[in-house]
């Protein structure tokens, strides 16, 4: 994305802007990287990065709907968890956001060799959308590990 920051600083500021208030994200980038950035640019850059992500995910979901490729092989057991929450927006507004978490379930050994079940290779997808749209868009989201991987089928 164009602007006065290097691509790496832009990405770092946008990532921090998803976790922290924009003024604090800008301050952290300034402290660590020695650049002066205000809250307003941090807000704009974070919003632009979010918009680009949403556009890319939407395009991938539309491609999958059009082409209907066979899903790649996946793990034998997968854990899915869906939830919704009311989240604060700006200016005192609130809205519902839906979240889907996906992970691979596997057996392991805990303390004293006791068997335990663990979920690994996790990924999540959140969006403010109606249930039908959310379901469509979630198909294009990663199932864990590297971002931007399509949901894989569980093995029989």
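Numbers below:
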{"quantity": "Residue identified as under 24 Å from residue 128 (Cβ atoms), surrounded by fewer than 16 Cβ atoms within 10 Å (Cβ to Cβ), touching a residue at least 40 places away in the same chain (Cβ under 8 Å) and not assigned by TED's automatic domain parsing to the domain that holds residue 127 among 47, 40, 61, 52", "calculated": "52"}
{"quantity": "Single condition residue 73 does not satisfy, out of (1) in contact (Cβ under 8 Å) with a residue 60 or more places away in the chain; (2) closer than 23 Å to residue 88 by Cα", "calculated": "(2)"}
{"quantity": "Enumeration of residues in the range 53-74 that are under 21 Å from the mean Cα position of the chain (by Cα) and outside any helix (DSSP H, G or I)", "calculated": "71, 72, 74"}
{"quantity": "Answer residue from the range 9-24, given it is closer than 18 Å to residue 87 by Cβ and surrounded by 14 or more Cβ atoms within 10 Å (Cβ to Cβ) and is nearest to the chain's Cα centre (by Cα) among those", "calculated": "17"}
{"quantity": "Residue check for residue 73: farther than 24 Å from residue 97 by Cβ, loosely packed, with under 14 Cβ neighbours inside 10 Å, touching a strand residue (DSSP E or B) at 6+ places or on another chain (Cβ under 7 Å) and not assigned by TED's automatic domain parsing to the domain that holds residue 123", "calculated": "yes"}
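The values are calculated or read from the model by the stated rules, or taken from the named source; none is laboratory data. This is a predicted model, so every value here is computed, not measured. When we count neighbours, we look across all protein chains shown, and the Cβ atoms used for this are built from the backbone with ideal geometry, even at glycine.
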